[in-house]
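Here's the structure we're looking at; comments come further down.
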Amino acid sequence: MALLRETAARVEAATAENVAMQAAQAAEAADFSRRATAGVQRIEAEQKKLAGVQNLRADIIQRAEEERQSISDEADVLRARIADAKAAHVAQAAEAERELQKKLKGMEASWREREQDHYSKLEAHTAAVDAKIAAMHSEHEKEMAGSKERFATEVAAKEQRLSLLEATEQAVKLRATELAGDGTEFVTLSVAGEQFAVSRKNLAQHPQSTLAVAAHSHISKGVSGPVPIDGDPTHFQLVCSYLRRNKLPVTSSGSNELQWLEGEAEFYNLDELARLCKDA
């Protein structure tokens, strides 16, 4: 019994498997049929497209042929126009050349006329410039002659002043030598009645001063007694100190004495002493 049941089970299983296989085969057959139908439809569509493409190609070829013919016709027309234009251009070029030559001849004549006028003006200008240069040269020569004459006059005046300066310098040197004596003698200066003894040698070191001039005149004339000096005796000892040392003397009352000394130095022509007072 068990064996029968097992066999029956196997038969049922085999039957079920067979039924499943048949169902799968039927489904596969149905799917294949659908795919085949779709393929046929696609092929038919492609065939229609191909037919359309072929028709389009034929149309394109026909239009291209028509356009080629049209272009060829237009090219023939353009060639004819170009030939006509060339002929017209040659005629225009010839006319333009004639006009150009005519203008060039006119310009050449005008240029020659202007050139002649320019040369005439240039000659006139050159003559005027030459005359002006000649006048300037003559004026320059007159000025040079005047300058030379003025220069000669100035030179003569300077030479005369130089001679006078040399004579004055010689006289000053002689005065200094005569005034110095042997270097040991003194001279008495009477400044507004107040007497001051000064070495003749120290006075001789300032021969341009009025003190030296007065002392030399007094001595050379052989006049005895003190040399009269028209001055201020208030601080005259400061002047005597400068004559001895050739340095700015020491003052006791500050700027008042310096101001007095500067004024007296200028009065007696003691220029270096006046400068020392100003710089102090």
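The values are calculated or read from the model by the stated rules, or taken from the named source; none is laboratory data. Because the structure is predicted, anything quoted here is derived from the model rather than measured. Virtual Cβ from ideal backbone geometry, glycine too; neighbours counted across all protein chains shown.
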*modelled with pLDDT of 70 or more, surrounded by 10 or more Cβ atoms within 10 Å (Cβ to Cβ) and within 28 Å of Gly231 (Cα to Cα), is that true of Thr126?*
no
_Hits in region 202-259 (condition: among the small types (Gly, Ala, Ser) and over 18 Å from Lys173 (Cα atoms))_ = Gly222, Ser224, Gly225, Gly231, Ser241, Ser252, Ser253, Gly254, Ser255
*State which residue pairs qualify: first residue at pLDDT 90 or above and inside region 247-268, second residue surrounded by fewer than 13 Cβ atoms within 10 Å (Cβ to Cβ) in any location, beta carbons under 8 Å apart, and separation of 6 or more residues or different chains.*
Leu248/Ala280; Glu262/Lys278
